[in-house]
Structures are given as C-alpha cells and as structure tokens.
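Take a look at the structure set out below.
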C-alpha cells in the first residue's frame, strides 16, 4: 500500500512539473531542431554543386577519353551509394566506358546488378576503369569491345552478354555519335551514315537480338536528348536521331507492354562527357558549355544515374513509354 502511494505521489509531482503545454512545446522544439539540422545537412545548391563555365578549350580525336578531360567528369565513382535495388539483375550497357553510360553502369553495379559493357576499342583505358569499379562493387563485369555499326557484331554482343552474365533483363542503348556541323553542306554521306547507324540502327539490331532473352519485368532504356525537342542548328543529323529515339521508345513500349517488358528513355541536356570534346561541340561553344541553362552549368553524368536505376527497378513498374528529361531546366518538352 505504501509503495503504491509513493508511486502515485511521484507521478503527480511529475505531472505538475511537465504540463501538457510544456510537453507539446518541448516536442515541437525537438522536431523543429531536428528538421533544421536535417535540412541544413542534406541540402545542396545545384548551381554550385559541379563545375561551371568558362571551361578550357580542349579537343580529342573521336571517340575521346573521359580521363583526359579537364575537368574530369563525375560519373559517381566517389558518390553513388547503392541499396540493393537491382540485386541479381543482369544488364548490358552500350557506351558504358564513359559519360552517362558509365554513370549508369556504376549505379547498376552498386545496386547489385552484374553488368556487361560495350565500347570502341580506342576507349579501352576508360573501359578498364569501369570494369574495375564493377568488380569492386562485388559484381560480375563483362567487357565486350566492338563497333555497333555492324549488325553481325550487335548480334554477337547480345549473345556474349547473355552467355557470360547468365541471362539479360536490363538493356541500355546509350552509345551515340554526335558531331557539330555549321551547315548541312558540311555533312558527308559517310558522316550522316555513321550517326544514323550508331544512334538508330544499332539499337534496332540490339533490341531485336535481346528480345528473345527478356522476360516479364525486364527493362529497355534508350537515350534521347533535349535535341529531340529543341534541336540546335549545328546538330542537324544528331537531333533527328534523338527525335526518332523518343518515337521508338513510345512505340516499342506499346508493343512490349503486354509482354511485361517496359521501355523508357532519358533525355539529357548539356552533360559534360567525352562526346562534347571529340567533335560534339565547337571549341567556342565548349568554353561556355551549359552556361545558358537556368542552373548556369552543364550536368555531370552522375546526376542522371538514379534515373536509369528507377527505370530498371521493380518500383518503377508502372512507368513505360516515358521520356525522363534532365536538362538543367532548359529545352524540356
């Protein structure tokens, strides 16, 4: 009995000390301070997060190497942290040695996927870095160099990827060719053919070869561009291919949707990649590259990586036929 009274008296005193108003205020203060601390620690100003122009003039023979760029692009090598979203998946990424393709590869591997990358033989040094990054993530890495302008090679590419990965359920048609020409009169038939075969024929051949291996839940991702909606005067042929990419994504999504295979696209704006320093931009434009976006700078490949993960992940299962724009606020549809 005395013990019960003692407990009751102690409780009454505690209630007198902490009134409901005080309790509410204390809770509000704690929540407010927590929100303040989280907000201040998590926020990043996108206008100052990455390098801004002016950039140094620089030129590399096609196809160019990311490692020789100034500044070197950020593909997420130090920043991307996975959480197992793609555990056990098997991906093939064309142009996976550098640029946006490299960022997607790093993200896929760190999310638990095994990855095969395609690249041109001249890009071997960049590709070796990517292979090492995949292995460091604890995933299987497959390197398949070759020119995707050749239909027979595209068929071998898919066959080898499937064989070495043990299947295929993510296909990213990222590789592309871009060359600035001030006039249509400057574009030879050979130049035009290279752009069309790299950007349009190759995805056509690769998708055809991959389709028999893709099961329900698989994902195909194409690389469109802001050029599909707001083409530059000096990218006449390249812009056409990106408009066509947008169209094939939407058409194929309707065709493959009933089979449970999703098809989506990513439409970047100006992104700092080897494509730009190997003929994709004039030297004059390169100096101010990305400076006309609302964010005042070009994007870095790492900033697009999570888009590819979302399109490949099961949580994005209702997204098909979509084009995700990431252009720093410029030229969106």
* Scan segment 243-272 for residues that are on the phi < 0 side of the Ramachandran plot and outside any helix (DSSP H, G or I) and report the count. => 12
* Structure fact -> Of 95, 99, 112, 167, the only residue that is more than 17 Å from the chain's Cα centre (by Cα) and assigned by TED's automatic domain parsing to the domain that holds residue 217 is 167
* Asked: Residues 133, 157, 120: which one is within 13 Å of residue 206 (Cα to Cα) and either at pLDDT 95 or above or in contact with a strand residue (DSSP E or B) (Cβ under 6 Å, 6 or more places away or on another chain) (or both)?
  -> 157
* Asked: Of all residues in segment 249-289, which are within 21 Å of the chain's Cα centre (by Cα), farther than 15 Å from residue 227 by Cβ and at pLDDT 95 or above?
  -> 250, 252, 253, 261, 262, 263, 264
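For (1) in a loop (DSSP other than H, G, I, E, B); (2) at pLDDT below 95, each residue gets a yes or a no:
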{"residue": "55", "(1), (2)": "yes, no"}
{"residue": "63", "(1), (2)": "yes, yes"}
{"residue": "67", "(1), (2)": "no, yes"}
{"residue": "75", "(1), (2)": "yes, no"}
{"residue": "82", "(1), (2)": "yes, no"}
{"residue": "85", "(1), (2)": "yes, no"}
{"residue": "91", "(1), (2)": "no, no"}
{"residue": "97", "(1), (2)": "yes, no"}
{"residue": "101", "(1), (2)": "no, no"}
* Asked: Of the residues 101, 82, which single one is buried (at least 24 other Cβ atoms within 10 Å of the Cβ) and either closer than 13 Å to residue 302 by Cα or touching a residue at least 40 places away in the same chain (Cβ under 8 Å) (or both)?
  -> 101
* What is the number of the single condition among (1) in contact with a helix residue (DSSP H, G or I) (Cβ under 8 Å, 6 or more places away or on another chain); (2) at pLDDT below 95 that residue 328 does not meet? -> (1)
* Structure fact -> Screening 325, 291, 279 for residues that are assigned to a helix (DSSP H, G or I) and surrounded by fewer than 24 Cβ atoms within 10 Å (Cβ to Cβ) leaves only 279
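Yes or no, residue by residue, for (1) part of a helix (DSSP H, G or I); (2) within 30 Å of residue 88 (Cα to Cα):
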position	(1), (2)
190	yes, no
221	no, yes
234	no, no
241	yes, no
* Structure fact -> Those residues of segment 240-275 which are buried (at least 24 other Cβ atoms within 10 Å of the Cβ) and without any contact (Cβ under 8 Å) to a residue 24 or more places away in the chain amount to none
* Answer yes or no: is there a residue in segment 296-305 that is free of Cβ contacts under 8 Å to residues at least 12 places away in the same chain, outside any helix (DSSP H, G or I) and either closer than 22 Å to residue 61 by Cα or over 15 Å from the mean Cα position of the chain (by Cα) (or both). => no
* Would you check which residues across segment 69-83 are farther than 19 Å from residue 288 by Cβ and touching a helix residue (DSSP H, G or I) at 6+ places or on another chain (Cβ under 8 Å) and list them? => 72, 74, 75, 76, 77, 79, 80, 81, 82
* Asked: Do you know which residues across segment 219-239 are in contact (Cβ under 8 Å) with a residue 60 or more places away in the chain and surrounded by fewer than 20 Cβ atoms within 10 Å (Cβ to Cβ)?
  -> 229, 230
* Asked: Among the residues of segment 188-206, is there at least one that is under 19 Å from the mean Cα position of the chain (by Cα) and without any contact (Cβ under 8 Å) to a residue 40 or more places away in the chain?
  -> no
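The values are calculated or read from the model by the stated rules, or taken from the named source; none is laboratory data. Everything numeric in this text was worked out from a predicted model, so none of it was measured. Don't worry about glycine lacking a Cβ; one is built from the backbone with ideal geometry, like all the others, and counts go over all protein chains shown.
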